[in-house]
Structure formats: C-alpha cells, structure tokens
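Asker: The structure under discussion is supplied below as structure tokens; questions concerning it will follow.
The values are calculated or read from the model by the stated rules, or taken from the named source; none is laboratory data. Since the model is a prediction, treat every value here as computed from it, not as a measurement. Cβ placement follows ideal geometry from the backbone for every residue including glycine, while neighbour counts extend to all protein chains displayed. Each accessible area value is taken on the protein alone, full model and side chains, heavy atoms only, with ligands, DNA and RNA left out. Shrake-Rupley method; radii C 1.70, N 1.55, O 1.52, S 1.80 Å.
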Amino acid sequence: MGTHFWKPGDHVLHRGVGFSRLWWAMPATVVQDAPERIALYWVAGTQWKAVRQHATSRDLLTTKKVDLVDRVWTGTDVLMLKNPQEAHSVWLMREAGQIRPICWYVNLETAARRTPLGWDVMDYELDIVIHPDFSGWEWKDEDAFKGLCRAGVFSKEEAQAIRQEGERVIRKMQAKESPFGDGWEKWIPSLEWTIPVLPPDWAALFG
Ligand code: MG
C-alpha cells in the first residue's frame, strides 16, 4: 500500500531512534530493499552523527537532551543485512578496502521502521561477534546491557527476549541459514558508488 522501495545505489539514512530521541545517523547506500531483506552498505570515511559518549549508556538515557556530534566512520566497510521484521541485523564487517571479513557482527535492535529518509531502529546495546570463518562467537557489551537492565531501561521479560533473539541468530549461523549461507562474503560494491552524505533533514523525527 504505497510503500516506497529504494533502488540499489540509492542513498538513505540508517538511524538509531529510541525513547523519542535520535542517537545516531549513518548515511548508507542501498544494496537491496525487499520485503524480507534490507541490505545497506557504508564505508570507512563516511561522515555520520552520533552521541559524544558511547551510544546508549545509562547516563544518556536519563538526560533530556542528546547532543550529536560529527563523526567519521573508520577502519571498516560494513554490509548490513536485516530482515526488517526481525529484532537484529547482521553486519558483514571488512577491513576498509578489503574483501575478506574481519567478523560477522550481530546487532540486537528493534525491527526496522521505514521513514522518508531510510530506516530507524532502536539499539538494544547487547551484541554478538562471530568469527569470520564461523568457528566461534561471543557476546559483546554484556556489562553495558546488564547496566541498562538494572536501570530499568529493559524489563526482565524484554531482556530475556533480547538474549533469546541473540541465541536464535547463533543457531541460524550454526545451521548456515540466511543471511549466513547466502554467499554475501563474495559481494562487492559497484565502483561507481560514491560515499553518501547526511541530508539536510537528517535529524527529523517521524511519527
Ligand atoms: Mg548494538
């Protein structure tokens, strides 16, 4: 019903929005926009916006005003794969300018909400790092996540659901289910693509 789908090569904004506040905004290039798969790409050198301190610390959540500062993404090129209905995204992370993966990063987050600029998600703080050859994995930012749970940002039930989503992704990885078995490691960006920049209305909040 009137959903606007983006084309490969389009420039969009992938943002972190939660508790009625904007936490970060990353300009990205659309690789794919389909009902069950969003694929976005951003590279080292991309200018983006983020909070001065680490994203969703407890202090920041109790602060009324969030100041976003200019940042430059460095070190890695990222292919983000997400089923927009699911509570995580999978990031194929490569050393800048290289093909071979450094790791597969699982970002636990809300389902993606389509906006006039791109997509918004809310980060759940807890993440998973999977070895590039799928030989192992570990939780990341568990302490920060526990801190948010203690602060009441996530209820006991929500915290449990977030962890269970992570465990579900690990089982998918071990079974080489999508997106892990899809051959994305071989994907390379078009040479014609340029690095997208923040649009003038990057901070606008929608509904
Ligand atoms: Mg995260």
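Asker: So how many Lys-Lys pairs in the stretch 90-204 land under 21 Å Cα to Cα, not counting same-chain pairs under 8 apart? All intermediate terms of the calculation are to be shown ahead of the outcome.
Answerer: Values: Lys140/Lys156; Lys140/Lys172; Lys146/Lys156; Lys172/Lys186; Lys176/Lys186.
Final tally of qualifying lysine pairs is 5.
Asker: Using alpha carbon centroids, what distance separates the stretch 97-150 and the stretch 1-30, in Å?
Answerer: 17 Å
Asker: Something else: Mind giving me the nanometre distance, one decimal, between the label points for Asp201 and Thr74, set 7 Å out from Cα along Cα→Cβ?
Answerer: My value for the distance between the label points is 3.4 nm.
Asker: Can I ask one more? Would you kindly state how much longer the chain becomes between Thr194 and Glu86 on full extension, computed as 0.36 nm times their sequence separation minus their alpha carbon distance, in nm to one decimal?
Answerer: 36.0 nm
Asker: For the chain, what Kirkwood radius comes out of the mean inverse Cα-Cα distance, in Å?
Answerer: Values: mean 1/r = 0.0569 Å⁻¹.
Roughly 17.6 Å, rounded to one decimal.
Asker: Around Ile102, with a cut-off of 11 angstrom between Cβ atoms, what is the net charge of the other residues, counting Lys and Arg +1 and Asp and Glu -1?
Answerer: Values: positive: Arg94, Arg100; negative: Asp77, Glu95.
Summing Lys/Arg as +1 and Asp/Glu as -1 gives 0.
Asker: Which order do Arg163, Arg114, Arg100, Arg15 take when ranked by solvent-accessible area (1.4 Å probe, heavy atoms of all protein chains), largest first? Show your work: numbers first, answer last.
Answerer: Details: Arg163 60, Arg114 85, Arg100 195, Arg15 0 Å².
Listed by decreasing accessible area, they come as Arg100, Arg114, Arg163, Arg15.
Asker: Compare Glu177, Glu192, Glu125 in a GNM of the chain, Cα atoms joined below 10 Å, and give the one with the largest fluctuation.
Answerer: Sorting by GNM fluctuation, first place goes to Glu192.
Asker: Tell me, what ³J(HN,Hα) does each residue in the stretch 97-104 have, in order and in whole Hz, if you take phi through Karplus 6.51 cos²θ - 1.76 cosθ + 1.60 with θ = phi - 60° and put x for Gly and Pro?
Answerer: x, 10, 9, 5, x, 7, 6, 10
Asker: Taking just the C-alpha trace of the stretch 142-204, give me its Rg and Dmax in Å.
Answerer: Radius of gyration, then largest Cα-Cα span, for the stretch 142-204: 18.5, 48 Å.
Asker: Please report the net charge: other residues with Cβ closer than 14 Å to the Cβ of Glu157, K and R +1, D and E -1.
Answerer: On the way: positive: Lys156, Arg163; negative: Glu158, Glu165.
Computed value for this residue: 0.
Asker: Would any residue of the stretch 84-120 have its amide N under 14 Å from a label point 7 Å out along Cα→Cβ of Ala34? List them or say none.
Answerer: What the label zone holds, given the 14 Å backbone N cut-off, is 84.
Asker: Moving on. Given the options Trp48, Trp137, Trp104, state which has the largest fluctuation in a GNM of the chain using a 10 Å cut-off (strictly under) for Cα springs.
Answerer: Trp137
Asker: Moving on. Give the relative contact order (percent, whole number) for the chain; include only Cα pairs under 8 Å separated by 6+ residues. Walk me through the numbers on the way to the answer.
Answerer: On the way: 404 pairs, mean separation 39.5, N = 207.
Value for the chain: 19 percent.
Asker: Pick from Asp67, Asp127, Asp182 the residue whose mean-square fluctuation is largest in a GNM of the chain, springs joining Cα atoms under 10 Å.
Answerer: Most flexible of the set in this elastic network: Asp182.
Asker: Can you tell me, using C-alpha contacts under 8 Å and at least 6 residues apart, the relative contact order of the stretch 105-207 as a whole percent?
Answerer: Reported relative contact order: 19 percent.
Asker: Compute the length gained on full extension between Phe134 and Glu177: take 0.36 nm times their separation in residues and subtract their Cα-Cα distance, giving the result in nm to one decimal.
Answerer: Details: separation 43, 0.36 × 43 = 15.48 nm, distance 1.22 nm.
This chain segment gains 14.3 nm when fully extended.
Asker: Could you order Trp42, Trp91, Trp193 so the one with the most accessible surface comes first? Probe is 1.4 Å. Walk me through the numbers before you get to the answer.
Answerer: On the way: Trp42 10, Trp91 30, Trp193 75 Å².
From most accessible down to least: Trp193, Trp91, Trp42.
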